[in-house]
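Since the structure comes first, as structure tokens, the remarks are kept for the end.
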Amino acid sequence: MNAQSPFPNTDTRVVNGLSVDVEDWFQVGAFENVIERGDWDSIATRVEDNVSRILDLFAEAGVSGTFFTLGWVAERHPALIRRIAEAGHEVASHGYDHARVFTFDRKSFAADIKRARKILEDCTGQRVTGYRAPSFSIDQRTPWAFEELAAGEYAYSSSVAPVAHDHYGWPDAPRFAFRPISGSQLVEIPVTTALLGGRRVAAGGGGFFRVLPYAFSRWAIRQVNRDEGRPAVFYFHPWEVDPGQPRVANAPLRSKFRHYTGLEKMAGKLHDLVHEFRWGRMDQIAHREALRAVELCQITPSQDEAA
């Protein structure tokens, strides 16, 4: 796949899942209490230029990925969504406007995923089969979310972060593919964690990838690929390749740290990542992993850590 790359391919067998959560800089969870949704249309968007940079990077590296896209973004940039699909990438759902799943009741969640899916399918003319919850917000509080996704005939979700974190996380969830509903074909593909000293650590991208040295991500992906024989699931956002984005002066200090740290180095680290490992679309990863996904009710903590 990367025959002309100067970077060594560290694993010739495992294809990892490459994903982009398509939202603009002002739509992130870190700023949800300081930037009102009602003000979004008055803010200049930067998502189109940032996604264009990502598409160019993927094309140069010869890799395909999945773009989990907000319906709000697709409504305002339909040509961009068509361009993503025409380049051979998967367009999947990230919900309509980045509302976290636990803020919905069951009926309103069903309406949200239906609305977002229609917008995306109208843009691309292709069926949307994948979903990622904003901020990995499917957890032990929202088991009904999987039931609604199954009812909507989604093939897979990648909405669980199986770690403890103050912003998200389901620490008791399996680390690798599982079927959350008995008898259903729906597969959940959690974002990647690695094991360090017997403890789970987040290793699937986002802020951790920006803040920590690149060597950490290399180590974690190698562990998952070589030691455990499983694909890693990596994600990032278009705003993370945009160090020139506006600064939100009244945001909390922790939110500023999480959002702005490492932006200037992100593009270079991504360049190394997409050349060093093998990458593919999430729907392809889900199809392969479905063959060894275990039903959630059959998994014990000891089985999961050994998987």
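The Cα-based radius of gyration of the chain, divided by its Kirkwood radius, gives an Rg/Rh of 0.93.
The Cβ shell under 14 Å around Val128 holds other residues with a net charge of +2, Lys and Arg each +1, Asp and Glu each -1. Straight-line cross-link partners of Lys265 among the lysines, defined as a Cα under 26 Å from its Cα and at least 8 positions apart when in the same chain: Lys256. Using 1/(1 + (r/R0)^6) with R0 = 30 angstrom and r between the beta carbons of Lys265 and Glu228, what's the FRET efficiency to the nearest 0.05? Between Lys265 and Glu228 the formula returns 0.60. Highest-first packing order for the peptide set 199-212, 239-252 is 199-212, 239-252, based on the mean count of other beta carbon atoms within 10 Å.
For a quick check of understanding: with a 1.4 angstrom probe and all protein chains in place, what accessible area in square angstrom does Tyr260 have, to the nearest ten? Roughly 30 Å² of Tyr260 is accessible to a 1.4 Å probe. Cut-off 10 angstrom, C-alpha nodes, Gaussian network model of the chain. Which of Thr69, Thr193, Thr103 fluctuates the most? Greatest mean-square fluctuation among the candidates belongs to Thr103. Taken along its principal axes, the alpha carbon cloud of region 47-203 reaches lengths of 42, 39, 29 Å, longest axis first.
For region 73-155, the fraction of 1.4 Å probe accessible surface lying on carbon and sulfur atoms is 50 percent.
Accessible surface of Asp283, taken over heavy atoms with a 1.4 Å probe and every protein chain present, rounds to 40 Å².
For Ala92, the amide hydrogen comes within under 5 Å of the amide hydrogens of Phe67, Phe68, Thr69, counting only partners 5 or more places away or on other chains and with H modelled in the peptide plane. Using only Cα atoms, locate the centre of region 206-237 and the centre of region 79-138, then give the distance between them in Å, rounded to an integer. Here the two parts' Cα centres lie 25 Å apart.
Measuring r between the beta carbons of Leu253 and Ala164 and using R0 = 25 Å, the FRET efficiency lands at 0.70. For the chain, the solvent-accessible area works out to 42 Å² per residue, with a probe of 1.4 Å and every protein chain left in place. Per-residue ellipticity at 222 nm from helix content only, as computed over the chain with -39500 (n - 2.57) for each DSSP H run of at least four residues, stands at -10500 deg cm²/dmol. Rolling a 1.4 angstrom probe over region 214-274 with all protein chains present gives an accessible area of which 56% lies on carbon and sulfur atoms. Estimated at the nearest 10 Å², the accessible area of Asp49 is 100 Å² with a 1.4 Å probe.
Computed over region 133-174, the P(r) tail beyond 13 angstrom holds 51 percent of alpha carbon pairs. Restricting to region 170-307, compute how many DSSP beta bridges are antiparallel as a %, nearest 5. Within region 170-307, antiparallel bridges account for around 60 percent of the total. Beyond 20 Å, how much of the Cα-Cα pair distribution for region 193-252 remains, as a whole percent? Result for the distance tail: 36 percent. For a Förster distance of 41 Å, can you work out the FRET efficiency between the beta-carbons of Ser108 and Tyr214, rounded to the nearest 0.05? Computed FRET efficiency for Ser108 and Tyr214: 0.55.
The values are calculated or read from the model by the stated rules, or taken from the named source; none is laboratory data. Everything quoted here is computed from the prediction, not taken from an experiment. Every residue, glycine among them, receives a Cβ derived from its backbone with ideal geometry; neighbour counts consider all protein chains shown. Surface areas here come from the heavy atoms of the whole protein model, side chains and all, with no ligands, DNA or RNA. Shrake-Rupley method; radii C 1.70, N 1.55, O 1.52, S 1.80 Å.
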